Amino acid sequence: MGPAKVNRSSLSACPSSKTNIANPPPDLAHNSSTVSSEDARLAIVHDAVDAALPRLVGSPIPIAIAAAVHARPGARFPTRSHLTQSLGCAITAGTHAFEAVLMPGPSQDREVILHPFMSEILAAVEAPSFLPSSWPKHMIRVCGGIDVHCNHADTFRPDGSLLFRLHKVPWLVLEVAVAEATAHVKEKLRVYLLGTRGRVRYGICIDLFTRERYDEDIVQVKVKSRRKCMVKEEIRRLRAAAEGAESKITIQEKAERNVARIIRSQPDLLLDAEDKRILERDGKYVLATASVYTSRLVPLPTGKQRCTLVTVVDSAPVWPQQSHQGFHIRWSDIGHPGLPACMADAMAFVSFAGLHEHIQILVDDAAAEGSAAEAEQQLPVHDDSVEVEVSSSPTSSDVESHSSSARDASDEECLPASPSSNYSDGSDQEWWPEGVVT
């Protein structure tokens, strides 16, 4: 299968962008006898991305790829559920095409928080007051990147988790939200707790809010809700004044205009003073919060039971102010069958105090990077009027050889690298696998 040239300028260099890989190769789409058509199709996407991204951004980027195909009649396409389970991320599909979603690799900011906090949780549950003395010391282990299959949902991969030795499903999961929307992360935790039929007992979310994310996820949600309440109140006032003389549509329009006029005259009317102070903070992050969830069985009048989500800690601020809050892990919630009866009421307390220090490290590092970049821009450089002479064929006599077995430097010549040396066919064009276009 010969290679097909692809215009690289059409692929964004951002690792979180989406690239449509349309028109799959006919031999893969219609050859029903091809057993490995799914693997071959995914290999095309992997090869295309791996070949393009390093050249666009200058260095490799760790990525995961999700792909799905809207099956045409008679075509053998990978199923969405199979790809979701194998790749571990959400999937969307287009007509007669499949979409490769380039997901960002592990965030350095996430790792700075994840590992220390998981170690603190592990230390709390390994304390003699909580872990039975008859159990092995490493009965509970930390695991990151383990697949969690949820009923009636996809397979997810939490940032961190705790599970018992030889078990495959964790009983505690942790998500560190850096770029994801708050509602999306909390929905994942809801699926963890309710979709695993009680196996996952605790879900923890650490939210790191940038100014833009806090404004979009928190402030604007409050503003829209308060504006809607103002409109409803204005509608009630206008109805009472009109006494049925005007239609509902007319009153609605008047109420919208009146509220809009009030908000224009008082721009901060719908904004909390605390939210305003948070948005005015300097630095990479303006707020960090911690939330903890569990589940509970509620009896129904029919005699059945319903599993519901229970909020243990609701968005407790852990930075910039120091937090003394935390949460308890209880054996009564976990319900391990091998637990000695004398430990049934034991609990371990996990504090959020250490999160403040970990997040402060991120903020300080971000500020230091900004200062270093600013200092680099101020370094003296030659202006455009200075001519620079560049030798087209530098000789090896310019470079000292430190090897005793090297030949005389005057007999050698260091040739410049060919622009096409990065390509196997010696051309100056970029080649991707056949059938992959953007």
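No value in this document is a laboratory result; all are computed from the given coordinates. Note that this is a predicted model, so its numbers are computed, not measured. Positions of Cβ are generated from backbone atoms using ideal geometry, with glycine treated the same way; all protein chains shown enter the neighbour counts.
If I model a spin label at Thr311 and Asp383 as a point 7 Å from the Cα along the Cα→Cβ vector, what separation in nanometres do I get?
If labels sit at Thr311 and Asp383, their model points lie 6.1 nm apart.
Under 21 Å Cα to Cα from Lys222, which lysines show up? Leave out anything in the same chain fewer than 8 places away.
Candidates past the 8-residue exclusion: Lys186, Lys232, Lys276.
What's the local net charge at Ala290, with K and R +1, D and E -1, over the other residues with C-beta under 10 Å away? Don't skip to the end; give the middle numbers.
Values: positive: none; negative: Asp207, Asp314.
Computed value for this residue: -2.
Fewest to most neighbouring Cβ within 10 Å: what's the order for Phe327, Phe352?
So the residues, fewest neighbours to most, are Phe327, Phe352.
Any idea which of Gln220, Leu269, Thr250 is furthest toward the positive side of the dipole for segment 212-279, if Lys and Arg beta-carbons carry +1 and Asp and Glu beta-carbons -1?
Selected residue: Thr250.
Ranking Cys205, Cys229 by Cβ neighbours within 10 Å, fewest first, what do you get? The partial results should precede the final answer.
On the way: Cys205 23, Cys229 12.
Fewest-to-most ranking of Cys205, Cys229: Cys229, Cys205.
Where does the charge balance sit around Ile361 when Lys and Arg score +1, Asp and Glu -1, over other residues with C-beta under 14 Å from its C-beta? The partial results should precede the final answer.
Details: positive: Arg110, Lys284; negative: Asp109, Glu111, Glu357, Asp364, Asp365, Glu369.
Neighbourhood net charge equals -4.
Using 0.36 nm per residue of separation minus the Cα-Cα distance, give me the extension gain between Gln321 and Arg197 in nm, one decimal. Don't jump to the answer; show the numbers that get you there.
Values: separation 124, 0.36 × 124 = 44.64 nm, distance 3.67 nm.
Gain in length upon complete extension: 41.0 nm.
Tell me the label-point distance for the pair Arg236, Glu357, using the 7 Å Cα-to-Cβ offset, in nm and rounded to one decimal.
Result: 5.2 nm between the two label points.
Report the calculated FRET efficiency for Asn258 and Thr210 (r = Cβ-Cβ distance, R0 = 41 Å), to the nearest 0.05.
Working: r = 35 Å, r/R0 = 0.85.
Computed FRET efficiency for Asn258 and Thr210 comes out at 0.75.
Could you please rank Ser323, Ser129, placing first whichever residue has the fewest other Cβ atoms within 10 Å of its Cβ? Intermediate values should be presented prior to the final figure.
Details: Ser323 19, Ser129 10.
Placing the least packed residue first, the sequence is Ser129, Ser323.
With +1 on each Lys and Arg Cβ and -1 on each Asp and Glu Cβ, and nothing else charged, work out how big the dipole of segment 212-279 is about its Cα centre, in Debye to the nearest 20.
Numbers: 17 positive and 14 negative charges, 56 e Å.
Approximately 260 debye in magnitude.
Stretch Phe349-Asp268 to full length: gain in nm at 0.36 nm per residue minus the Cα-Cα span? Working shown, then result.
Details: separation 81, 0.36 × 81 = 29.16 nm, distance 4.06 nm.
Residue separation times 0.36 nm, minus the Cα-Cα distance, leaves 25.1 nm.
Note down the net charge around Ala273, summing +1 for each Lys or Arg and -1 for each Asp or Glu among other residues with Cβ under 13 Å from its Cβ. Numbers along the way, then the final one.
On the way: positive: Lys222, Lys276, Arg277; negative: Asp268, Asp272, Glu274, Asp275, Glu280.
The answer is -2.
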